[in-house]
Amino acid sequence: MSKRKSHTPGRRLSLVVMLFFALAFLLLGARKNDFMGYILALAVPAMIFVGTWVLPHLFPTDRLLMSLTNFLCALGVLLLYDTNPAYALQQVISYGVGLFAMILCIYFVRAMHTGRRIIWLIFVGSLALLSLPLLLGREINGAKNWITIGSFSLQPSELVKLSLVLSLAFFLSQRRMLPWVVFSVACLGLLLLQKDLGTALLYYGTTLLLFWAATGNLPFSLLGVAGGVGAAWYGYQSFAHVRLRVSIWLDPWADYENAGYQLVQGLNAIASGGLWGVGLGLGSPTSIPVYESDFIFAVLCEQFGLVFAACVLLIYVALIWRGATIAMSARRRFHGLLAMGATLLLGLQAFVILGGVLKLIPLTGVTLPFISYGGSSLVSSLCLVGFIQGVESLNEADLEEDTRLAMLERGNPA
Amino acid sequence: MSEELYEVLSLSSRYLFTLLGVLIVLRAFFWLLSDRAEKRRRLKKLPFSGMIGEFVVLADGGDLHAGDHISIPWEGVLGSVRSCDVYVPGQEVRRQHLSFAFDPDQGLVLSPFRGCEALVNGESMNHRSLSLRHGSLLQVGNVLMRLRLFAGLDANAGFDAAPSAVTTQFPPAVSPAEYPPMYPPFPAQEVPAPAAIMPAFPAEIAGPAAPVFPQEGGPVLSPAPKVPSEPSTVPDSADTVTQRPPARRRRSDRWEVDWSE
């Protein structure tokens, strides 16, 4: 009875999610008269079932995290299929790769306490990887943060995010200031040289928040905030494109045909969706520049409406809540900081892009985790979830050990 | 499918999709909260979950009294502020005095912070890391404590050792007048085996116990203290050393290991 009771919330959630995507893909498949739509109507629910119920039997994954992550990933595939089916197929492939990488990350976290020397390898390798775009990279949308090898493109800063979280967690848990300060400053410097200011903001914010979580040192943390504000002011004074972004944020309609076009189109799409949306497959989401990546949330609002968009935001909240709970239940400092760092990074990334799309803060070029088109982004987000799940698997193992010891104690003869 | 038909279907289904979205959110939060409640129920049955043992205060010091128990997590910081993992509000105890981490092979490894000092079994740490085993003494500031590891976490026997159903007896509490506030620095001595530290149950119990803590210039620990008579907890003879004490047990007595064997 207790086993059935503990699985009931998960079963019902999975059924509703599978029903949602089956209906949505069937509708789109019927509209496009495309066989791929019908395949996805079967494949995506099957993928959700496997991810939520089969994988946890084979690997130490957390069902709730898998459910929430699968929902967001499948939602990304749905929106991309609606706008550009080729993107949807690539996203599905990236999801498969990301799942495999996630499982590797789970086992990596479980083995980490025995291989601490690897952190120095990660430290050096990450800085080398992050330097590659400066040497081999190509500039896209004003930032030189991509490297292309044949038909394969990679954004190293997305992968170095994982190293950042690992390094911060490791050195903060050892109470060693210098290594993580050096690593963070080096990463920020390289990102500024690449003009990838959005990712630099993410790195800085995650470092600061994790430092505060690890030490509780409010004066230094506030000093860090002041430093960030100072750096932002300096960036505003020094870089023209920063001034442009701020002016667009303040009044996008002043130059809506050129610089403010993207933001205006996004806001129009959100407004035209209203509470319930214009309907899946209707509307004109492709009129928004970079709709598949930065402005995927505007597409979501247009198609499904603000009520559904609020539900998606709440899913992100649930994901962050779960991650934070897992971090606070960790027995060891390193594991707690690792889970907290991964959670903070995902939450901060979601906040930065959603804030930009909704005109709460100036727009930055980061992706919405799990939903935006982009193999590097999806794989790195799934790897971060892998870190959180790795820590949760250790928490469960510790709890079971405590139960075993207590049962042994009760079983001892008087 | 014609455009008109699709438009009707799509416009009708948007309410269904919104409803499903709301259901998904409600189910997700319900699962989150029920999982949390389940975990709390499990932890209620394991009051010492996450802890590896406890420090037993042997003498009054600071705001602590003899007999106080301080639970020890797997790793953390010991200091005189409440945010520390092990809170020791004693005199000359710094806000963050030392860090500790449990290792199944080495025991409780202590690392003092800069400028902080402590004594382990009477030996000064001298700004280096030292390990505590079950029964070891630790003095931080004017607080003297003994480490008690929970059963199954016996550092000598390995992590998977099954607990044995025996109790330990610590030397009785000593009043501050019988020992100086801070031990003088003793020359480094070989730490006696736990069996020498922990007294065997005496065949006879007579009179009040003599203090067992180091006097100036004296040995680190007296090997055979006399234990005061406590009929409810002290066995009558050495033959009954493996029996559980029959009387009321404190919560912290549940997991204990006899090191005298």
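The values are calculated or read from the model by the stated rules, or taken from the named source; none is laboratory data. Treat the numbers as computed from the prediction; the structure is a model and nothing was measured. Cβ: placed from backbone, ideal geometry, glycine included. Neighbour counts: every protein chain shown. When the accessible area is computed, the model is the full protein with side chains, heavy atoms only, and any ligands, DNA or RNA have been set aside. Shrake-Rupley method; radii C 1.70, N 1.55, O 1.52, S 1.80 Å.
For this structure, a couple of remarks:
- Residue in segment A:285-293 that is open to solvent by 40 Å² or more (accessible area, probe 1.4 Å) and either within 15 Å of A:Phe370 (Cα to Cα) or part of a helix (DSSP H, G or I) (or both) present: yes
- For segment B:33-74, the set of residues classified as in contact (Cβ under 8 Å) with a residue 40 or more places away in the chain and within 13 Å of another protein chain (Cβ to nearest Cβ) consists of B:Pro47, B:Phe48, B:Met51, B:Ile52, B:Gly53, B:Ile72, listed by residue number.
- Residue ID - farthest from A:Thr215 (Cα to Cα), chosen from residues in segment B:82-97 that are open to solvent by 10 Å² or more (accessible area, probe 1.4 Å) and under 18 Å from the mean Cα position of the chain (by Cα): B:Gly90
- Criterion violated by A:Gln237 - all others in (1) closer than 30 Å to B:Tyr15 by Cβ; (2) assigned to a helix (DSSP H, G or I) satisfied: (1)
- For A:Pro362, the requirement of being at pLDDT below 95 and surrounded by 19 or more Cβ atoms within 10 Å (Cβ to Cβ) is met.
- Of all residue pairs spaced 6 or more apart or on separate chains, none has beta-carbon atoms under 8 Å together with a first member in segment B:8-32 that is within 18 Å of A:Arg31 (Cα to Cα) and a second member that is open to solvent by 10 Å² or more (accessible area, probe 1.4 Å) and of a type in the set (Asp, Glu).
- Within segment A:76-89, considering residues that are out of contact with any helix residue (DSSP H, G or I) (no Cβ under 7 Å at 6 or more places or on another chain) and outside any loop (DSSP other than H, G, I, E, B), the one farthest from A:Ser163 (Cα to Cα): A:Ala86
- The lone criterion from (1) at pLDDT below 90; (2) within 12 Å of chain A (Cβ to nearest Cβ) left unmet by B:Thr18 is number (1).
- When A:Arg31, A:Arg11 are checked against the criterion of being at pLDDT below 90, crowded, with 19+ Cβ neighbours inside 10 Å and basic (Lys, Arg), A:Arg31 stands alone in meeting it.
- Just one of the listed residues (A:Gly305, A:Gly216, A:Gly277) is within 14 Å of chain B (Cβ to nearest Cβ) and modelled with pLDDT under 90, namely A:Gly216.
- In the set (1) touching a residue at least 40 places away in the same chain (Cβ under 8 Å); (2) open to solvent by 30 Å² or more (accessible area, probe 1.4 Å), the condition left unmet by A:Ile118 is number (1).
- In the set A:Gly341, A:Gly347, A:Gly323, only one residue is open to solvent by less than 10 Å² (accessible area, probe 1.4 Å), modelled with pLDDT of 95 or more and away from chain B (no Cβ under 14 Å); that residue is A:Gly341.
- Unmet criterion (only one of (1) at pLDDT below 90; (2) surrounded by 21 or more Cβ atoms within 10 Å (Cβ to Cβ)) for A:Leu202: (1)
- Candidates A:Phe20, A:Phe49, A:Phe71, A:Phe25: the one that is surrounded by fewer than 18 Cβ atoms within 10 Å (Cβ to Cβ) and part of a helix (DSSP H, G or I) is A:Phe49.
- Pair list, Cβ < 8 Å and 6+ apart or interchain, from segment A:50-72 residues that are within 14 Å of chain B (Cβ to nearest Cβ) to residues that are in a loop (DSSP other than H, G, I, E, B) and surrounded by 17 or more Cβ atoms within 10 Å (Cβ to Cβ): A:Pro56/A:Asp62; A:Thr69/A:Phe370; A:Leu72/A:Pro369; A:Leu72/A:Phe370; A:Leu72/A:Ile371
- Filter pass, B:Phe113 being of a type in the set (Phe, Trp, Tyr) and open to solvent by less than 40 Å² (accessible area, probe 1.4 Å): no
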